[in-house]
Amino acid sequence: MNRLVLLLLSYVAVITVATAQPGGRGVITKADTVTAGNTYAIIIGISDYKLVPDLQFAHRDAQAFEDFLVSDAGGKIPKTNIETFLNENATRNNIGDAISVIARKAKPGDRVWFFFAGHGDMEDLTQIENGLLLLYNSPNGNYFGMNDDVLEILDLKRYLSPLSQRGVEMIFIVDACHSGNLNGGVQGVQQTASALASSWGKEYKILSCQPNQLSLEGAEWAGGRGLFSLQLEEAIKGLADTDNDGRITMFELQSYIQANVSRYSEFKQIPMITGDLSRSFFKVNPAILAALKKEKELNYPILAKANTKGMEEKYVDSLSAAGKKLWLSYKANLEAKQLILPKDTNALLDYRQFARLYPDNPLSSIMRRNLAAALNNRFDSIVSPLLRGQTSYSTRNECYYAAIELDSCMHLLGEQHYMYPNLKARALYMSAMSYTWAMSDNEYNISWRPTVEMALELLKSSAEYEPNASYTLLALGIHYSYLYEYEKANKAFAKYLELRPYDLYARYSLAQVYLKMGHYEKAEPIFLQMGDKLSLFDLYLKRNDHQKALAIATDFINDSMTRRDGYFMKGICFVYEDQLDSSVYYYNRCKELSAANRDVCDNNIGHIYFVHGQVDSARKYFQQVISQDSTYTHSLFNLGVIEAAENNPQAAIESFYKAVINASGTLEGFVGNLQLYFGKKYHMVNPGEFEKFRRKIYTFNMQYLSYLGILYTYIRVPGMIEKKDNVDYLFLQLSMYPQHEMLTWYHKACYYAMIKNKTKALESLEKALAMGFGSYFQVSSDMDLDIIRDSPGYTTLLKKYFPVEARKQ
């Protein structure tokens, strides 16, 4: 045998071993999914009955099953092979004709689906092997003649079950055990279920519940569906494929729907499947499964009310007068939304008293479930708009009450309940939001920091219980941003956008975080995609790309609708270019177009006069702004700088402090000519390096900058620098701004050098350098550091962090 033949035989052997399925005792072998013949379907869904009490979502369940069959996931069954009867079209004549046609048409190798969602009942106790599926025109009782709009279970068995004996795959999916005020009552529904569950032959049956149970439907499930039908749909779209082989057996289907339906119904409804459990009828479409998983990530599990309309009256009739009174009080309080308050009369109090008196009455479990659902309503109303990408108009008080109601719901259901972790997460989220809901950048300032920190801890705990709750991730990103923890904010926003990639607010927030972190290459494409020219202008200024910033300002000027803003932006551009006359000219043009911009323009004019040494003109403009708005942060800070430079420390500190308390926590300001601030003096060893330093523009948080102004004003007053407690307090305030932590360590180094503590000065300087403080000019020329320049440790730091510059010395 030659080498090629041996290789081929080896290859065949490998494939055979890899794909063989053991079929020994105790092992389920998967049968082929594909049918060689045609597929037909009869689909019936009735919510709107003519005489019988209505259901809510049976017709939607039926339509969803048709949509599945004609989709890629369901095998693209031609619509001509499907007969669907919804509501008034679901009559005995129509359905009888369809059954007759398919019974004659179906051949061996074909497949037939029979789907029914609606009411089931029975005629009387003599029909022990029968049950009825009620159609649109069905009477409410008196089915004796069997000629009305009903389908007898025995007729289904008689006409359709024999198809399976002829080699047709016959699959029944029936959800006919809903509650309702029908003639047969609970017993009628149970008899129908028992008749369906009994063995007929080789057909397959997928039934919504056990014979002694009822089927649930609710508006909370996918916007209005039956629980069984919804879980069935998700299962056959791929969630039941536990071994990920692309096929779903009846065993996998049974395992999935039994686990999930029983879980979400609190074990009041457990589906059942009869037939060969090794058989697989469903192929998994990977794209559809991925989309479904993504959709489920975006949604969150909710508690649905128990729809027991029609049955409650029968249970209430068995109560004593006291029990009926409690029941009516409960219903009234539930309707009035008096769930846990007032303390002397509320639905929770009614339920607890009722459950003590009637622990085994079915109404107790109904009351518990419906009260639990109601206790989630406030939370749902707050969060649902966020999940739809809309604004949620709520208040911190509403969040507070939602947290209390969720906490009550947790205690009502107990830790063993499947929703307990979700409820815990949501209660924590609402508790956090009760402190900071809808907080704006203008509202947040340093006094809010402890509150935001407390809210953040609650949000972090919430995320441990529900890691993919998008609303929590968004809140985490916002709260981290308030605390200047931009790396963590970045992670939270990024994870949020994985779940909701089209949320513009979150994308904008993430881009702003990138901007503050200096990740301009990440922020720029987001701003470009959003067409956010104002943010791009800010980005280009911070990136020192002045030509692009100037081009945006020019575009704004060329548009009459934005001309005012364009003049202001151009004024800023010329500040960055250190051109006093041009900057003042454009700020004045902006003021001409809008008096509303007067203060900010006058402040900026004062600033550029100050950096050009025209202090009297600068003071005039700053005072002019303060006379119009005594809380204007930038002018207060700038006046403080002038007072400090003119040796008026008390006035300087007062002005700086006013700037702190009037600034929002996120307010920023740009500062050039840094040598003019904080009483700094520099050795002019290299004029070229000094000029680069002088012209560099820095962006600071205004509260941080004002605290820094207070610190240097204070420690330059003779006798004050030794008051360690006061200095420590100021450094504690500076530490509240982690985005400037590197600068804080640099200024600590300056302080320790000024008090001749060389060891701590070098330690602090090394921390600043290790964190990225890269200004060789400041480290080598700042006179506040002179005391450490003769230290070996200082030379070592220069060689380590500035090797090129150190060699040139």
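The values are calculated or read from the model by the stated rules, or taken from the named source; none is laboratory data. These numbers come from a predicted model, not from an experiment. Heads up, the Cβs are rebuilt from the backbone with ideal geometry, glycines too, and the neighbour counts pull from every protein chain shown. When the accessible area is computed, the model is the full protein with side chains, heavy atoms only, and any ligands, DNA or RNA have been set aside. Shrake-Rupley method; radii C 1.70, N 1.55, O 1.52, S 1.80 Å.
Please determine, by comparing only the residues of region 232-256 that are assigned to a helix (DSSP H, G or I) and without any contact (Cβ under 8 Å) to a residue 40 or more places away in the chain, which one is farthest from residue 274 (Cα to Cα).
235
In this structure, is residue 121 open to solvent by less than 10 Å² (accessible area, probe 1.4 Å) and among the acidic types (Asp, Glu)?
Spelling it out, residue 121 is indeed open to solvent by less than 10 Å² (accessible area, probe 1.4 Å) and among the acidic types (Asp, Glu).
Do you know which of the residues in region 647-661 that are surrounded by fewer than 19 Cβ atoms within 10 Å (Cβ to Cβ) and of a type outside the set (A, V, I, L, M) is nearest to the chain's Cα centre (by Cα)?
Residue satisfying both the conditions and the ranking: 657.
Hey, among 494, 475, 489, which residue is under 30 Å from residue 434 (Cα atoms), surrounded by fewer than 17 Cβ atoms within 10 Å (Cβ to Cβ) and either without any contact (Cβ under 8 Å) to a residue 60 or more places away in the chain or of a type in the set (Val, Ile, Thr) (or both)?
The match here is 494.
If I filter region 663-681 down to residues being outside any loop (DSSP other than H, G, I, E, B) and either within 19 Å of residue 484 (Cα to Cα) or open to solvent by less than 20 Å² (accessible area, probe 1.4 Å) (or both), which single residue comes out as modelled with the lowest pLDDT?
The residue in question is 670.
Considering each of 357, 319, 334, 326 in turn, give the residue that is surrounded by fewer than 19 Cβ atoms within 10 Å (Cβ to Cβ) and either β-branched (Val, Ile, Thr) or over 27 Å from residue 140 (Cβ atoms) (or both).
None of the other options fit; the residue is 357.
Within region 585-593, identify whether any single residue is without any contact (Cβ under 8 Å) to a residue 12 or more places away in the chain and not in a helix (DSSP H, G or I), and answer yes or no.
no
For region 230-274, enumerate the residues that are of a type in the set (A, V, I, L, M, F, W, C) and open to solvent by 10 Å² or more (accessible area, probe 1.4 Å).
230, 239, 251, 259, 267, 270, 272, 273
On the given criteria, is residue 560 over 27 Å from residue 521 (Cβ atoms) and part of a helix (DSSP H, G or I)?
The answer is no for residue 560.
Which ones in region 714-770 are aliphatic (A, V, I, L, M), closer than 19 Å to residue 678 by Cβ and over 41 Å from the mean Cα position of the chain (by Cα)?
Of everything in region 714-770, those that are aliphatic (A, V, I, L, M), closer than 19 Å to residue 678 by Cβ and over 41 Å from the mean Cα position of the chain (by Cα) turn out to be 715, 717, 720, 721, 727, 749, 753, 754, 755, 761, 765.
Given the options 523, 553, name the one that is surrounded by 16 or more Cβ atoms within 10 Å (Cβ to Cβ) and within 20 Å of residue 605 (Cα to Cα).
553
Limited to region 403-427, what total is found for residues that are out of contact with any Asp or Glu (no Cβ under 9 Å at 6 or more places or on another chain), crowded, with 17+ Cβ neighbours inside 10 Å and assigned to a helix (DSSP H, G or I)?
The number of residues fulfilling the criteria is 9.
Please go through region 433-464 and pick out each residue that is part of a helix (DSSP H, G or I), within 22 Å of residue 631 (Cβ to Cβ) and small (Gly, Ala, Ser).
Once the filter is applied, which keeps residues that are part of a helix (DSSP H, G or I), within 22 Å of residue 631 (Cβ to Cβ) and small (Gly, Ala, Ser), region 433-464 yields only 447.
Just wondering, is there one or more residues in region 31-40 that are in contact with a strand residue (DSSP E or B) (Cβ under 6 Å, 6 or more places away or on another chain), open to solvent by less than 10 Å² (accessible area, probe 1.4 Å) and at pLDDT 95 or above?
Within region 31-40 (the criterion being in contact with a strand residue (DSSP E or B) (Cβ under 6 Å, 6 or more places away or on another chain), open to solvent by less than 10 Å² (accessible area, probe 1.4 Å) and at pLDDT 95 or above), the answer is no, since none of the residues qualifies.
Scan region 714-752 residue by residue and report those that are polar (S, T, N, Q), open to solvent by less than 50 Å² (accessible area, probe 1.4 Å) and over 20 Å from residue 783 (Cα atoms).
Correct list: 733 only.
Go through the residues of region 185-202 one by one and say whether even a single one is modelled with pLDDT of 85 or more, among the aromatic types (Phe, Trp, Tyr) and open to solvent by 20 Å² or more (accessible area, probe 1.4 Å).
No, region 185-202 has no match at all.
Does residue 790 fit the bill of being out of contact with any Leu (no Cβ under 8 Å at 6 or more places or on another chain) and modelled with pLDDT of 95 or more?
no
Determine which member of the set 384, 408 is free of Cβ contacts under 8 Å to residues at least 60 places away in the same chain and on the phi < 0 side of the Ramachandran plot.
Just a single option satisfies the conditions, and that option is 384.
Is it fair to say residue 482 is free of Cβ contacts under 8 Å to residues at least 24 places away in the same chain and open to solvent by less than 40 Å² (accessible area, probe 1.4 Å)?
No, not satisfied.
Among the helices (runs of 4 or more DSSP H) confined wholly to region 704-809, which include 3 or more residues that are in contact (Cβ under 8 Å) with a residue 60 or more places away in the chain?
Result: 776-781.
Name every residue in region 342-357 that is assigned to a loop (DSSP other than H, G, I, E, B) and within 18 Å of residue 318 (Cβ to Cβ), in order of residue number.
Within region 342-357, no residue meets the criteria.
Hey, can you tell me all the residues within region 428-482 that are closer than 23 Å to residue 740 by Cβ and basic (Lys, Arg)?
Once the filter is applied, which keeps residues that are closer than 23 Å to residue 740 by Cβ and basic (Lys, Arg), region 428-482 yields only 449.
Condition (residue is closer than 29 Å to residue 623 by Cβ, open to solvent by 70 Å² or more (accessible area, probe 1.4 Å) and of a type outside the set (Ser, Thr, Tyr)) applied to region 573-587: is it met by at least one residue?
Yes, there is a match, as at least one residue in region 573-587 is closer than 29 Å to residue 623 by Cβ, open to solvent by 70 Å² or more (accessible area, probe 1.4 Å) and of a type outside the set (Ser, Thr, Tyr).
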